[in-house]
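K.L.:
Got a structure here, written out as structure tokens. Questions coming.
Please treat every number below as a calculation from the coordinates, not as lab data. Computed from a prediction, not measured in an experiment: that's the story for all the values here. Cβ placement follows ideal geometry from the backbone for every residue including glycine, while neighbour counts extend to all protein chains displayed.
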Amino acid sequence: MDKSGLNLSLVDVDAFALSNCFEFNYPELASQPAYLLDIGGLQSIFAVFWKNQPLFFREMSFGGKQLTDAIAAALEVDTAKAEEQKMQGPAALDMGDKKRISLECTKVLNSWASEIKRLVSFYQTSIPAVKQAEHLFLSGGGSLFQGIGNILEEDLKISTRHMDPWKKVEVKANDFDPKYLEAIKPQFSVPTGLALRGFI
């Protein structure tokens, strides 16, 4: 810090930033617990938000790279090609490739759901007077994988949707492409939470 000429003013934690983003955008849900899952490339953050604070959070050792690896194995291509295919979605693939990708990626997502179940069980036994959440909010680049919400909702038996980090943010339509913002916003929950530090 001395050599850079900068002063450290704040050290933040992803789970706190994620919680800040949720608190700012969903005040109507403050009275009930919610599960937050931010899916990164190599790891993910799971948090339980309740009564205006992160009550419980853990880093989880899964991320979007596992889906890329599953696609690479299913199509027998390198990871660069698999990542490209993951971003494009299955529309351009033939039915056989779609089925192979679906089978392999569903296995990955089922394993994620099992890890989340174990973590929720641990949370419920370690925190006094816990209450089951009714909603799971997804964010992070890994949450953009097509169908992820439906699979996790089915496995976890909980309402699942993407967090909108800009739900309460006024956006000028003439300054930004609305379609572009809609496409990328799940990736900005943690950055938005960081930006909100000091405002909430």
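K.L.:
If you plug each phi of region 128-145 into the Karplus form 6.51 cos²θ - 1.76 cosθ + 1.60 with θ = phi - 60°, what whole-Hz ³J(HN,Hα) values come out, in order, with x for Gly and Pro?
P.N.:
Going residue by residue, I get x, 6, 6, 9, 5, 6, 9, 9, 10, 9, 9, 7, x, x, x, 6, 7, 4 Hz, with x marking Gly and Pro.
K.L.:
Still on this structure, I have one more. Using per-residue counts of other Cβ atoms within 10 Å, averaged over each peptide, order 33-39, 57-63 from highest down.
P.N.:
Per-residue mean Cβ counts within 10 Å order the peptides as 33-39, 57-63.
K.L.:
Right, here's the next one. Excluding residues on the same chain fewer than 8 positions from LYS86, give the aspartates and glutamates whose Cα lies under 17 Å from its Cα.
P.N.:
Candidates past the 8-residue exclusion: ASP69, GLU76, ASP78, ASP94, ASP97, GLU104.
K.L.:
Just the projected area, averaged over all directions, of the convex hull on the alpha carbon atoms of region 61-144: how many nm²?
P.N.:
6.5 nm²
K.L.:
From the phi angles alone, apply the Karplus equation (6.51, -1.76, 1.60; θ = phi - 60°) to region 62-79 and give each ³J(HN,Hα) in whole Hz, x where the residue is Gly or Pro.
P.N.:
9, x, x, 4, 5, 5, 4, 5, 5, 5, 4, 5, 5, 9, 6, 10, 6, 5
K.L.:
Please list, ordered by chain and number, the residues whose modelled amide H lies under 5 Å from the amide H of LEU55; skip anything fewer than 5 residues away on the same chain.
P.N.:
Amide H neighbours of LEU55, under 5 Å, 5+ apart: VAL48, PHE49, TRP50.
K.L.:
Next up: Between SER111 and ARG161, take the C-beta separation as r, use R0 = 22 Å, and let me know the FRET efficiency to the nearest 0.05.
P.N.:
For SER111 and ARG161, the calculated efficiency is 0.55.
K.L.:
Between their Cα atoms, which of LYS98/LYS157; LYS81/LYS185; LYS65/LYS185; LYS81/LYS107; LYS117/LYS168 are more than 29 Å away from each other?
P.N.:
LYS117/LYS168, as the Cα separations exceed 29 Å there.
K.L.:
For LYS167, what residues show an amide H to amide H distance below 5 Å, using hydrogens built from the backbone and excluding near sequence neighbours?
P.N.:
Residues meeting the criterion, in which the H sits 1.01 Å from N, do not exist here.
K.L.:
Could you check the spin-label model distance between ASN52 and ARG197? Points 7 Å from the Cα along Cα→Cβ, value in nm.
P.N.:
Result for the modelled spin labels: 2.1 nm.
K.L.:
For THR125 and GLU154, compute 0.36 nm times the residue count separating them, minus their Cα-Cα distance, and round to one decimal in nm.
P.N.:
Result: 8.1 nm gained on full extension.
K.L.:
Using a simple spin-label model with points 7 Å from Cα along the Cα→Cβ vector, what separation in nm is obtained for SER4 and GLN88?
P.N.:
Label-label distance for SER4 and GLN88, simple model: 3.9 nm.
K.L.:
So who's got an amide H within less than 5 Å of the one on THR160, skipping anything under 5 residues away but keeping other chains? H placed 1.01 Å off N, in plane.
P.N.:
LEU136
K.L.:
For the chain, give the share of DSSP beta bridges that are antiparallel, in percent and rounded to the nearest 5; count only bridges with both residues there.
P.N.:
Antiparallel: roughly 60 percent of the beta bridges in the chain.
K.L.:
Does region 37-185 come out rounded, prolate or oblate, given a ≥ b ≥ c as the square roots of the eigenvalues of its C-alpha gyration tensor, rounded meaning a/c under 1.5 and, failing that, prolate meaning a/b above b/c?
P.N.:
Verdict is oblate for region 37-185.
K.L.:
Using alpha carbon centroids, what distance separates region 134-200 and region 35-80, in Å?
P.N.:
What the calculation gives is 14 Å, centre to centre.
K.L.:
Pop out the ³J(HN,Hα) list for region 95-109 in order, Karplus 6.51 cos²θ - 1.76 cosθ + 1.60 with θ = phi - 60°, rounded to Hz; leave Gly and Pro as x.
P.N.:
Karplus-based 3J(HN,Hα) across region 95-109 equals 4, x, 5, 4, 5, 5, 5, 4, 5, 5, 6, 5, 4, 4, 5 Hz.
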